[in-house]
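Asks: Got a structure for you, questions after.
We did not get these values from a lab; they are worked out from the coordinates using the rules stated. Computed from a prediction, not measured in an experiment: that's the story for all the values here. With ideal geometry, Cβ positions are generated from the backbone for all residues, glycine too; neighbour counts draw on all protein chains shown.
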Amino acid sequence: MYAFSYHQPKTVRQAASLLAKNEDGKILAGGQTLLPTMKQRLAAPPALIDLGKVEGLSGIELKGRSLVIGATTKHVQVATSEIVKQAIPGLAEMAGMIGDPAVRNRGTIGGSVANNDPAADYPAACLALGATIITNTRKIPAEQFFTGLFETALEPGEVIVKISFPIVSKAAYAKFRNPASRYAMVGVFVAKRGSDIRVAVTGAGSNGVFRATALEEALKKRFSPKSLEGVSVSADGLNGDIHASPEYRAHLIGVMAKRAVTAAIGK
Amino acid sequence: MTTISMTVNGKAVTGNVEPRTLLVQFLRENLRLTGTHVGCDTSQCGACVVHVDGAAVKSCTMLAVSCDGSNVTTIEGLANGAELHPMQAAFREHHGLQCGFCTPGMIMSAVDMVNRLGPDLDEKTIREELEGNICRCTGYHNIVKAVEAGAQAMGATGQRVAAE
Ligand SMILES: Cc1cc2nc3c(=O)[nH]c(=O)nc-3n(C[C@H](O)[C@H](O)[C@H](O)COP(=O)(O)OP(=O)(O)OC[C@H]3O[C@@H](n4cnc5c(N)ncnc54)[C@H](O)[C@@H]3O)c2cc1C
Ligand code: FES
Ligand code: FES
């Protein structure tokens, strides 16, 4: 790892001004992505701004019909929170499927969303649940937030403060893990709020997380795994690598979507 | 260089580190606590697991400066003098190790597992929870048996991590 200067702000405002002052500086949250990347010298930020001591950035609360989760809330907190289990149980389960216990003890929701790894789990939950990413300067709907591979709508110097999830009637996540990395080879998050049905897919798209509209249309007729029988997903625009071909990933999307719908109905 | 202070295995320690010093380097190189191992250095293997403020973390994936003011427990902090911690005793009793390289991380993860989930752990839970700990020798069967027995023994003595 190359040397860098280290800053430990106490407030979001201080964090933002440190980011503005340190060109190419980066925020450090749980470090579960950033530190391995820096150790491999794939990133060499000259300054790190650690959010670990910023007050009020971590926490889970219900606000009206929304579940609001602070940016530095760890995966383990979301996975085990009674509030999340009551409000959107599928989200708690999803957080419990990330990596391994030690990674969940450090990794944060804000870091995962900001990183937008094409195989990460939270982007699928945000897109399917219609979340809003709240930063120090504005509110960004998930639809507009995830813009490509490791790309987001965040401007330089912008800090994610919290993420707001509207409470839905049914939601669940099904993940086919890459057995070595634990990341999603294909992960499908389904959510139903009234007649609004969304199916978001991670791990498969060559441009990152996306909505599977063909599956959404099929589920609008009836929210049942049966509705997905015979609906095929196109392999166009899907990833192919040593782990799985685009065709195999397309097939897995259908299988994971059925499992997610079955799980959502059971909740 | 920055001066940091923390409590390690119940003792107050201070040291001078660069911001890029990893927690595992601080433990091994500054404090000479070499029980915590570095297996992969890429956040995969779990040989470096220690407890920071009561939670298991990969010490190769955490900066020492971020732990300023924290309470850290390493494998050296588990035994009570010459008496092994019940989880350590269970690994010995059930042959939960061969070369022993992964063992410190396995044991720290196992103790964390009991602290979070209680002493009654079934095989499936143990295997899932050990997802972040890799062993190249044993084939895991005896590790799983050791964790199950160690968890029961911890429950029987009402013991959590000594230093926490
Ligand atoms: C072994 C292993 C297995 C894993 N498995 C999975 C998995 O199965 N699924 C999965 O989804 N993830 C997985 N991860 C990644 C993990 O979830 C990370 O915690 C997460 O991707 C990044 O969160 P972090 O808090 O660690 O962020 P960091 O690593 O600290 O930061 C990541 C990026 O986000 C930026 N950032 C962080 N917080 C903010 C903020 N509040 N505002 C703006 N920018 C910010 C940082 O500058 C950096 O660029 C795994 C990681 C490891 C090491
Ligand atoms: S050395 Fe830290 S996870 Fe392998
Ligand atoms: S005993 Fe050798 S790596 Fe586990």
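Asks: Alpha carbons only, please: Rg and Dmax for segment B:86-157, in angstrom.
Replies: According to the Cα coordinates of segment B:86-157, Rg and Dmax are 10.6, 32 Å.
Asks: Collect residues whose amide H, placed 1.01 Å from N in the peptide plane, falls under 5 Å from the amide H of A:Thr147; neighbours closer than 5 in sequence don't count.
Replies: A:Thr152, A:Ala153
Asks: Across chain A, where is the longest run that never hits chymotrypsin sites (Phe, Trp or Tyr not before Pro) in a DSSP loop with at most 14 other C-beta atoms within 10 Å? Show your work: numbers first, answer last.
Replies: Details: sites that count: A:Tyr2, A:Phe150.
Counting at most 14 other Cβ atoms within 10 Å as exposed, the longest clean stretch of chain A is A:3-149.
Asks: On to the next question. Under the rule of -39500 (n - 2.57) per DSSP H run of 4 or more residues, summed and divided by the residues of chain A, what mean residue ellipticity at 222 nm is obtained, to the nearest 500 deg cm²/dmol? If you can, show how the numbers build up before the last one.
Replies: Numbers: 11 runs with 90 residues, N = 267.
When only DSSP H runs of four or more count, the value is -9000 deg cm²/dmol.
Asks: Right, next: For segment A:251-265, take each phi angle, set θ = phi - 60°, evaluate the Karplus expression 6.51 cos²θ - 1.76 cosθ + 1.60, and give the result in whole Hz per residue in order, putting x for glycine and proline.
Replies: 4, 4, 4, x, 5, 5, 4, 4, 5, 5, 5, 4, 5, 5, 5
Asks: Taking the Cα atoms only, what angle lies between the long axis of helix A:12-21 and the longest principal axis of chain A, rounded to 10 degrees?
Replies: The two axes meet at around 70 degrees.
Asks: Just checking the output field for B:17-23: average partner chain Cβ neighbours within 10 Å of each residue's Cβ? Working shown, then result.
Replies: Working: counts 1, 4, 9, 9, 1, 4, 0.
The mean count of partner-chain Cβ atoms within 10 Å per residue comes to 4.
Asks: Could I ask something else about it? Against the globular-protein guess of 2.2 N^0.38 Å, express the Cα radius of gyration of segment B:2-76 as a ratio, rounded to two decimals. Working shown, then result.
Replies: Values: Rg = 10.9 Å, N = 75, 2.2 N^0.38 = 11.3 Å.
Taking N as the residue count of segment B:2-76, the ratio is 0.96.
Asks: What list of ³J(HN,Hα) values in whole Hz, one per residue of segment A:101-106 in order, does the Karplus curve 6.51 cos²θ - 1.76 cosθ + 1.60 (θ = phi - 60°) give from phi, with Gly and Pro shown as x?
Replies: Each residue's phi maps through the Karplus curve to give x, 5, 5, 5, 6, 10 Hz.
Asks: What is the set of long-range amide H partners of A:Lys74 at a cut-off below 5 Å, with H atoms built 1.01 Å from backbone N?
Replies: none
Asks: Let me ask another. Check which residues have an amide H placed less than 5 Å from A:Met185's amide H, if you skip close sequence neighbours.
Replies: Correct list: A:Phe176, A:Arg177, A:Asn178.
Asks: Please list, by residue number, every one of the trypsin sites (Lys or Arg not before Pro) in segment A:46-146 that is coil in DSSP and has at most 13 other beta-carbon atoms within 10 Å.
Replies: On the way: sites: A:Lys53, A:Lys63, A:Arg65, A:Lys74, A:Lys85, A:Arg104, A:Arg106, A:Arg138, A:Lys139; in loops: A:Arg65, A:Arg138.
Passing both the DSSP loop test and the Cβ count: A:Arg65, A:Arg138.
Asks: Shielding of A:35-42 by partners, i.e. mean partner chain Cβ atoms within 10 Å per residue? Don't skip to the answer; put the middle values down first.
Replies: On the way: counts 9, 8, 0, 1, 7, 2, 0, 0.
Mean number of neighbouring Cβ atoms from other chains: 3.
Asks: Over the whole of B:56-64, what's the average partner chain Cβ count within 10 Å per residue? Rounded to a whole number, please.
Replies: Numbers: counts 7, 8, 9, 1, 3, 12, 7, 9, 0.
Whole-number average of other-chain Cβ neighbours for B:56-64 is 6.
Asks: Tell me, what HN-Hα J-couplings in whole Hz come from the Karplus equation 6.51 cos²θ - 1.76 cosθ + 1.60 at θ = phi - 60° for each residue of segment A:201-208, using x for Gly and Pro?
Replies: Listing the rounded values in order: 10, 10, x, 10, x, 6, 10, x Hz.
Asks: Let me ask something else about it. With a 10 Å Cβ neighbour count serving as the proxy for reagent exposure, in which order, fewest first, do B:Glu76, A:Glu23 appear? Don't jump to the answer; show the numbers that get you there.
Replies: Details: B:Glu76 18, A:Glu23 11.
Taking fewest neighbouring Cβ atoms as first place, the list is A:Glu23, B:Glu76.
Asks: Ratio of chain B's C-alpha Rg to 2.2 N^0.38 Å, to two decimals? The partial results should precede the final answer.
Replies: On the way: Rg = 15.2 Å, N = 164, 2.2 N^0.38 = 15.3 Å.
Taking N as the residue count of chain B, the ratio is 0.99.
Asks: At R0 = 51 Å, how high is the FRET efficiency between B:Ala79 and A:Ser206 if r is their beta carbon distance? Nearest 0.05 is fine. Spell out each step's value before the answer.
Replies: Values: r = 52 Å, r/R0 = 1.01.
Given R0 = 51 Å and the Cβ-Cβ separation, E is 0.50.
Asks: For helix B:103-117, report the angle its Cα long axis makes with the longest principal axis of the Cα atoms of chain B; keep it between 0 and 90° and round to the nearest 10°.
Replies: Helix B:103-117 sits at roughly 80 degrees to that axis.
Asks: Summing Lys, Arg as +1 and Asp, Glu as -1, what charge do residues with Cβ under 12 Å from the Cβ of A:Pro225 carry, A:Pro225 excluded? All intermediate terms of the calculation are to be shown ahead of the outcome.
Replies: Working: positive: A:Arg222, A:Lys226, A:Lys258, A:Arg259; negative: A:Glu229.
Charge balance near A:Pro225 sits at +3.
Asks: Then there's this: Tell me what chain B gives for mean residue ellipticity at 222 nm when only DSSP H runs of n ≥ 4 count, each as -39,500 (n - 2.57), the sum divided by the residue total, rounded to 500 deg cm²/dmol. Show your work: numbers first, answer last.
Replies: Numbers: 4 runs with 47 residues, N = 164.
So the helix-based figure for chain B works out to -9000 deg cm²/dmol.
Asks: Convert 25 °C to kelvin, take the viscosity as 0.890 mPa s, use the Kirkwood radius over C-alpha pairs of segment A:122-267 as Rh, and evaluate the Stokes-Einstein diffusion coefficient in µm²/s, rounded to a whole number.
Replies: Details: Rh = 15.6 Å.
Translational D for this selection: 157 µm²/s.
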